1. Restricting to region 89-119, name every residue that is surrounded by fewer than 16 Cβ atoms within 10 Å (Cβ to Cβ), modelled with pLDDT of 80 or more and either outside any strand (DSSP E or B) or among the polar types (S, T, N, Q) (or both).
2. What number of residues within region 440-471 satisfy the criterion of being in contact with a Phe, Trp or Tyr (Cβ under 8 Å, 6 or more places away or on another chain) and charged (D, E, K, R)?
3. Given the condition more than 30 Å from Asp378 (Cα to Cα) and either hydrophobic (A, V, I, L, M, F, W, C) or at pLDDT below 95 (or both), answer yes or no: does some residue in region 317-325 qualify?
4. Under 6 Å between Cβ atoms, which residue pairs at least 6 apart in sequence (or on different chains) link something in region 103-120 that is under 24 Å from Arg210 (Cβ atoms) with a partner that is of a type in the set (Asp, Glu) and surrounded by fewer than 22 Cβ atoms within 10 Å (Cβ to Cβ)?
5. State whether one or more residues within region 329-337 are of a type outside the set (S, T, N, Q), in contact (Cβ under 8 Å) with a residue 60 or more places away in the chain and farther than 30 Å from Met126 by Cα.
6. Would you tally the residues in region 173-200 being hydroxyl-bearing (Ser, Thr, Tyr) and crowded, with 20+ Cβ neighbours inside 10 Å?
7. Filter region 455-485 for residues that are among the small types (Gly, Ala, Ser) and in a strand (DSSP E or B) and give the result.
8. Being in a loop (DSSP other than H, G, I, E, B), closer than 23 Å to Gly446 by Cα and under 40 Å from the mean Cα position of the chain (by Cα) is the filter here; which residues of region 245-267 pass it?
Amino acid sequence: MKVARGEILDCNRQPLTNTAQQYSLIVFPGQVEHTPMQILRKIDTIVNVPSEQFEYLAQGGHNSEYPFRLAKDIGSDAAKKINDLQIPGIVAIPEKTRYGQGMLASHILGYINSADNKGVSGIEGMYDELLRGNQPEYVAAIVDASQQIIPGLGYKRMKLTASNSENNIVLTIDKQIQQKVEKIMDRTIVKGAVVVMRPSTGEILAMASRPGFDANNLSRYLEQSSAPLLNRAISAYQPGSVFKLVVAAAALENKTVGMNDVFFDSGYIDVNNVRFQGWDYDQGPKGRLTITEAMAHSSNPVFIEVALKLGAEKLIDMAAKFGYGSRTNLGFLGESDGNLPDSSQLYPGDLANLAIGQGFCEATPVQVAQTVATIVNDGIKVDPYIVSLLTTPDGTIVKTFQARPGIRVISSQTAIKLRNMMMAVTQYGTGQAAYVEVFGSAGKTGSAETGRTTTTGKGINHAWFAGFTPLERPKYVIVVFVEEGMSGSNVAAPIFREIATEILKN
């Protein structure tokens, strides 16, 4: 029939592949009593037989030595009707389909080339040799002495050798969390990504990209301008004001700024005769602000002033320690490094842009999640990972993939200060729409300019919210990225709150 392929499972061993069931119409030539035309007349109104299979049957396929598939992807109702006809040698059997309708985690799983059973993208591509068996699986009829299929037994699946060469891959993904995330994304995000990570270990609990795709019908997505096959969770975008977390971390670590220092936000700052305005310039100056208040209100003038005082080298060095400019160890094909400019190439105007996550700076949603996780994890950076176990089909563990030891990036004191700043964002700042009742949450908004404008001349921005919940012993880091979502405060923050509220119900 076909070569068996290992399953991809979630952290609770719940299947993410082979979850849907269809039926195939199998011909057992030794049992056939009717002519091909008689067979086709009986089933014609129930099942659409592909023309090549029709020709094979008509040209003597029913005299073949081996069983063969006459049609596939038959619904359960049609399968029952055919089996009720009790046509000798014709039986509809259930088969697991690799990808069901409305598949979860399509960008994580990836897809296979059905012609040769080889993985092309995602986990299917990364672990193809481990997932792909080399033993074909057959369907055999169980017959009595008079060669009639025995009712109730009928057929069984079998391999000709006992070898179990395919392996199952167990992910860190939690199917329940993934389902909740994707359900919310389907309502709220046309293009974008969400990452949910356990900060203490780096386990990716959910990761989804929109638009999604159906791995059974890939051709329909190849020409779409929205790029449904692109995994936006590992693609790079300007992070906007989320990057202010890195600026604050560098300034505190280098003692360039103290928590009680007072800055003045006049609504703008001039750098080498170029005026950089606050995102809310039209509302006038914010006046005197501490660094915490500047973070809460996402003050561009204050963070540009801090970055200029800090210097490009120290800021770039801190960003690199957090993981910007180098891809994570997830191992996905096509994962972006992001972009971190060379400090020697940055003029003051470039540094001002970098301070607010614009210009040459680009990061992936996974890299942003890693930043927040480091802050939550008391300054220790752990690598994100998504594959936890390799098992045999019967569940015996072959290999364990464990989290790597973390590296200290910032002091625990600096991490505490940053968490307090992020709490200010959701309590009285730009991220109030991300506040989670009962449990509490903290984070940072971002609205990154793309340089493009709408037909009315309004700037098109990407929307970000990156944060954690609960406030006490945080369990989840959640990053929401909405491509062309315009506002982190108005668009990404409420999505964060909804996702956090749902997964905390677990």
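1. The one that is surrounded by fewer than 16 Cβ atoms within 10 Å (Cβ to Cβ), modelled with pLDDT of 80 or more and either outside any strand (DSSP E or B) or among the polar types (S, T, N, Q) (or both): Asn113.
2. Of the residues in that region, 1 qualify.
3. Initial filter on region 317-325 (more than 30 Å from Asp378 (Cα to Cα)): none.
No, there is no match, as no residue in region 317-325 is more than 30 Å from Asp378 (Cα to Cα) and either hydrophobic (A, V, I, L, M, F, W, C) or at pLDDT below 95 (or both).
4. As it stands, the answer is Gly119/Asp128, since those pairs meet every condition given.
5. Checked against the condition, which is being of a type outside the set (S, T, N, Q), in contact (Cβ under 8 Å) with a residue 60 or more places away in the chain and farther than 30 Å from Met126 by Cα, region 329-337 yields no hits at all.
6. Residues meeting the conditions: 0.
7. Across region 455-485, the qualifying residues are Gly459, Ala463, Ala466, Gly467.
8. Val257, Met259, Gly267
The values are calculated or read from the model by the stated rules, or taken from the named source; none is laboratory data. Predicted model, so just to flag it, every value in this text is computed and none were measured. A quick note on method: Cβ atoms are made from the backbone with ideal geometry, for glycine too, and the neighbour counts reach across all protein chains shown.
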